[in-house]
Structures are given as C-alpha cells and as structure tokens.
C-alpha cells in the first residue's frame, strides 16, 4: 500500500472528478498525480477510477474503497491531534459560508482561533449559493435559515435578529411606512437572507402578521441587497448584524422597531458527520463561545 499522501490524493481526485484539480490542490503536476493513482491501482490490483476524455468517474471498487478510506484518514488526523503537545491544530480547515456573514461576523470572531493555532491553515469559501460540500472537501458549512436536511449532522451556533431597513433618501422620497401592512405600497429589495422569500413575518403583543411581498429588485447575495437599500432602491429585510455598519453610519434606517421579526438560525453543518476532523469541531465551538460572549442567542 502506498503512503498516506497517495490515499489523500485519491480521495480528492474521486471527489473532484478531475486529476488536474486534485493535483493543483496537492501541489503536484497532473502527470505526477496520474502516476501516483496508477501505482495505487497497481498495488491494489483493481481499477479505482474510470478515465475518459471528459470525466473521471469512480468504478464500483473505487466507490467502496473511497467509503472505507475517508474515515480512516480522518481517524489518523484525530490520532495525530490527540497526542500533539499543547493540542495545537494543524493541516487544512476548509469552511463554507454566505459571503456577508463570513466577512462581517465570522472572520472577526475567528481571529483569536487562528492565533491559538498558527500551524492550522484556514480556507473560507465565501458564497451565498449552496455547494457540493463533499465534493469540495468542506469540513464545516455555516448556513443561515431553516435546516434544509433535518437528518444532517448540524449544530446551532446562534440565532441572529432580523430587521427591516431603508435609506434616508428612499424614505424622504416615498415616506416611512408606519406599520408592516403599509409595506405593500413600497418598493421591496429581496436578498438571500429572507427566510420566507415571498413574505415577512412580524410579531407584537403575542400576535403575528404575515406580509406577502414581491421584490421589485432582488439579488443572489446579501451584500447586494444591502447595497441596493443604501442606494435607495427600496426597503429590505436582513440580519441586524449584516447591516450594523450601515445603521451606525446612518446610511440605513431601521423601521418598525416596536415589531419583532423571527430570528435567523445559524447552523454549522458537518458533511462528514461524526467523523468530522477535530479542527472543524474546534472552530465551531470557538464561534459558539464568541457569539455567547457577545450576548447573542446561541444553543445551550
């Protein structure tokens, strides 16, 4: 059997479906990666990957081997971390999260974590679209809103407040709505932070009010929705954290302060389930503690 680096390379080729992409990740040339996998297959006496001019696909034996090898590699990583002096984390930690939340709220809170583990390399994939977490070798994915897959291994990090905001210029032109039901008379900016895309839910004095809305302008990134609101396109709803800077600067104004909106749950997904690497679990525990320290609502 070849060394551990060959097995790690194999898992990346299998997940990415590409020798060139896996080779780049591992700092190899494509020819080197191909030769290493060919040697691995020769040692095993079986074909693991089916190669065509268009794709690299797993054979039946390759899929079985991948399912057995990945947990072993995670276990080896765990064993190394468990005996490392001082508990210092090493290797690569890959995290995925929405752009705005990552830039404004996660990166600042990870600063002390990075200082504690200087030998750990951290890679953040900042995208509002949902990725193939296994294919992209993501250790932890942070997601806002309701759980899409209730069977997934996940941990609640925090529940963040939601607000409705607009720019002073927009309000000067169109007037400020006094109650949520007046939103139907205004231009709405839609973004990915909306837990209910077609309606906003308000609560006051034990009663709920659902306001159906159709955005006049929408974007697939929360930063875009905030920028559009600042530019005066209309009224938007987002997390209180995402627009904190704009509220402090006065480029956005909060509406309906006496109404409460349903908060946005922030979960950490673990694609590898119980086999998640120690670095991934440690990073999430660090974020939970940081949000709790800031007085935010988090899991118990």
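The values are calculated or read from the model by the stated rules, or taken from the named source; none is laboratory data. Not measured: the values here are computed from a predicted model. Heads up, the Cβs are rebuilt from the backbone with ideal geometry, glycines too, and the neighbour counts pull from every protein chain shown.
Annotation: residue 43 fulfils all but one of (1) in contact (Cβ under 8 Å) with a residue 40 or more places away in the chain; (2) in a helix (DSSP H, G or I); (3) under 22 Å from residue 136 (Cβ atoms); the unmet one is (3). Looking at this structure, is residue 92 assigned to a strand (DSSP E or B), closer than 24 Å to residue 19 by Cβ and at pLDDT below 90? Judged against the criteria, residue 92 is a match.
Return the residue satisfying two criteria in turn: it lies in the stretch 254-270 and is out of contact with any strand residue (DSSP E or B) (no Cβ under 6 Å at 6 or more places or on another chain) and surrounded by fewer than 21 Cβ atoms within 10 Å (Cβ to Cβ), and of such residues it is farthest from residue 141 (Cα to Cα). Write out each step before concluding.
First, the residues of the stretch 254-270 that are out of contact with any strand residue (DSSP E or B) (no Cβ under 6 Å at 6 or more places or on another chain): 257-258, 270.
In the following step, the residues that additionally are surrounded by fewer than 21 Cβ atoms within 10 Å (Cβ to Cβ) were identified as 257-258.
On the way: 257: 32, 258: 34 Å.
Here the residue is 258.
Looking for whichever is under 24 Å from the mean Cα position of the chain (by Cα), in a helix (DSSP H, G or I) and surrounded by 13 or more Cβ atoms within 10 Å (Cβ to Cβ) here; the options are 64, 25. Which one fits? It is 25. Among the residues of the stretch 46-60, write down those that are in contact (Cβ under 8 Å) with a residue 24 or more places away in the chain, touching a helix residue (DSSP H, G or I) at 6+ places or on another chain (Cβ under 7 Å) and farther than 14 Å from residue 9 by Cβ. The answer is 58, and nothing else.
Please give the strands (runs of 3 or more DSSP E) falling wholly within the stretch 154-240 in which 3 or more residues are crowded, with 18+ Cβ neighbours inside 10 Å, in contact with a helix residue (DSSP H, G or I) (Cβ under 7 Å, 6 or more places away or on another chain) and at negative phi.
Per the criteria, 235-239.
Only one entry in 242, 268, 275, 282 is at pLDDT below 90 and under 20 Å from residue 110 (Cβ atoms), namely 242. The single condition among (1) closer than 30 Å to residue 281 by Cβ; (2) surrounded by fewer than 16 Cβ atoms within 10 Å (Cβ to Cβ) that residue 15 does not satisfy is (2).
Every test in (1) modelled with pLDDT of 75 or more; (2) assigned to a helix (DSSP H, G or I); (3) over 30 Å from residue 293 (Cα atoms) is passed by residue 57 save one, and that test is (2).
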